[in-house]
Amino acid sequence: MSGYVVVGAQWGDEGKGKVVDLLGSRVSMVVRFQGGNNAGHTVVTGGKKTILHLLPSGILNENAMCVIGPGVVVNPFVLFQEIDTLAREGCSCSHLRISDRAHLLMPYHVELDELMEKAAGDAKIGTTKNGIGPCYADKYTRIGIRTCDLVNREVFAEKLKMALDIKNEIITKVYGGKPFDFDEMMTQFDAVRERLVPMLIDATDIINKALKEDQLVLFEGAQANMLDINYGTYPYVTSSSPTAAGVCEGAGVSPKALDRIIGVVKAYSTRVGEGPFITELNDAVGEDMRTRGGEYGATTGRPRRCGWLDLPVVHQAVVINGLTDIALTKIDILTGYDQIPVCVGYDIEGTYRETIPASLHEYAKAKPVYKYLPGWKEDISGCRSFEELPVNCQNYVKFIEEYCGTAVSLVSVSPDRDANIIRRSLI
Ligand code: GDP
Ligand code: IMO
Ligand code: MG
């Protein structure tokens, strides 16, 4: 079987969009399997930047079918906005299909995310406020509304009524917010039905048929391992599984279908929102890194927290995902440093460890143990072969490879689709 997976190996924003866009031209299908419009995936082609939130990053290539899978939470208003924006730019989304099992992310989920974050004060998670947590919570408490529920107006009305009875009670009584009006929402969703229902498919069936026919299918992860609901820095995580295992669950395919599992690693670290970040640079060096790397959220515009590469974090992604390959991005941003610290482990009150403690109380005490690698000064954005890279840059790549025990198959040297060094073919 020929399933290829692209996942984030740190805290998100590693450059998954670029890698998916690059590989997208060689596959028959690109599938999103988890998350929602909390994702912000940037694709740059010929200097033109497109940021995708719900749409798979293969969308610019009209030869591959793009699927929003069962495990994704779909805000239909955001979806239509994205489709309309692309249409204005000349890209039709006629090759887009949506799972009839995906959950609808409703306006009250967005409202609740906002209200809960506000009420949490200093304990806030720093979510994207796109309603992701509240929507997945409804899914697991089994009061969610799925895209297939839209097909029949009466079925949808019954589910919406039940949901609103609960949500309005919480919004008004717990948070002092304004209730949602049932009739108004029914009218809004009549328009949604008209546009969304024709795009619905039994995605799992279509994906599995494609895999059975040995067509190449690319699964596009959003977020990343450290934001995983089970293995991330809980509770400072998202509400889904952005891992290779998440592909099986969120797209309905067998683990046996996954051929290559590619982890995207940024050559340094960034994080958006709250939560531990051991190598964070809260100083002028961090500021400078943010400026050099253009590290501002693609979804919320928030400044991303910046720091040195944390290899225990990457190693956890290698293990949990069973990464077969690493795609290393943004190494060009590290050009110019005399030496580059790389975190190889943590010192926690005198004890050395290379794994991430479950308890954030313990993790908060971790001090990074750095290995200092020599830097390079040459502009590398034009390099297209590994040998063209300055030796110290090659050694930086090899150090990551050796620590992780995983091949760095692709080195990306600028945002553009074609700016890559391919060391081992990914597809
Ligand atoms: P994603 O969420 O993982 O898809 O990543 P984002 O799109 O949120 O953030 C990655 C940013 O880095 C985007 O602005 C990309 O255009 C940019 N990018 C990707 N690869 C490279 C690279 O190798 N070098 C540089 N300088 N920028 C890159
Ligand atoms: P891509 O796919 C970076 C972060 C938020 C917050 C936490 C929970 O572009 O890599 P949520 O809205 O999901 O409930 O927020 O997760 N977060 C991301 N950080 N990149 C992302 O996606 C993210 N999606 C969510 O900032 O800390
Ligand atoms: Mg992003």
Cα-centred dipole magnitude for the stretch 104-196, charges only on beta-carbon of K, R (+1) and D, E (-1), debye, nearest 20: 240 debye
Residue (of Q339, L281, A317) at the positive-pole extreme of the stretch 256-356, dipole from beta-carbon charges: A317
Residues F386 and K209, FRET efficiency given R0 of 56 Å [Cβ-Cβ distance, rounded to 0.05]: 0.90
Amide H within-cut-off set for L104, under 5 Å, with H built and near neighbours excluded: V74, I145, R146, T147
The chain, relative contact order in percent, only Cα pairs under 8 angstrom and at least six apart counted: 20 percent
FRET efficiency estimate (nearest 0.05) - Cβ-Cβ, A284 to E249, R0 35 angstrom: 0.20
Net dipole in debye of the stretch 224-369 [+1 Lys, Arg Cβ; -1 Asp, Glu Cβ; about Cα centre; nearest 20]: 280 debye
Mean separation of Cα contacts under 8 Å, 6 or more apart, over the residue count of the stretch 264-422: relative contact order %: 24 percent
Heavy-atom surface of the stretch 170-213, accessible at 1.4 Å and reported per residue (Å²): 61 Å²
Residue order for S28, S409 - accessible surface, 1.4 angstrom probe, largest first: S28, S409
Rounded to 5, percent antiparallel among DSSP beta bridges of the chain: 40 percent
Apportionment of accessible area to carbon and sulfur, the chain, percent (1.4 Å): 51 percent
Centre separation in Å (Cα based) which lies between the stretch 61-104 and the stretch 219-272: 21 Å
Acute angle (nearest 10 degrees) that the helix 311-321 long axis makes with the longest principal axis of the chain, alpha-carbon atoms: 50 degrees
Mean separation of Cα contacts under 8 Å, 6 or more apart, over the residue count of the stretch 215-336: relative contact order %: 28 percent
Radius of gyration and maximum dimension Dmax of the chain, Cα, Å: 21.5, 66
Length gained when the stretch D165-R26 is fully extended (0.36 nm per residue, less Cα-Cα span): 45.3 nm
For H109, net neighbour charge (Lys/Arg +1, Asp/Glu -1) across residues whose Cβ lies under 13 Å away: -2
Size of electric dipole in the chain: Cβ of Lys, Arg +1 and of Asp, Glu -1, about Cα centre, debye, nearest 20: 260 debye
Calculated FRET efficiency for the pair K371/Y140, C-beta based, R₀ 30 Å, to 0.05: 0.15
Proximal charge balance of D310 [Cβ under 15 Å; K/R count +1, D/E count -1]: +3
Residue among I207, V151, I229 farthest towards the positive dipole end of the chain, charges placed on Cβ: I207
Pairwise label distance in nanometres, E378 with Y296, each label 7 Å out on the Cα-Cβ vector: 3.3 nm
Neighbour net charge for G131 - beta-carbon separation under 13 angstrom, K R +1, D E -1: -2
Order by protection proxy (mean Cβ within 10 Å, highest first), peptides 56-66, 177-187: 56-66, 177-187
Options H53, S25, F80, ranked by Cα towards positive dipole end of the chain, top entry (Cβ charges): S25
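The values are calculated or read from the model by the stated rules, or taken from the named source; none is laboratory data. All values reported here derive from a predicted model rather than from experimental measurement. Don't worry about glycine lacking a Cβ; one is built from the backbone with ideal geometry, like all the others, and counts go over all protein chains shown. In case anyone asks, the SASA skips ligands and DNA or RNA and just uses the protein heavy atoms, side chains included. Shrake-Rupley method; radii C 1.70, N 1.55, O 1.52, S 1.80 Å.
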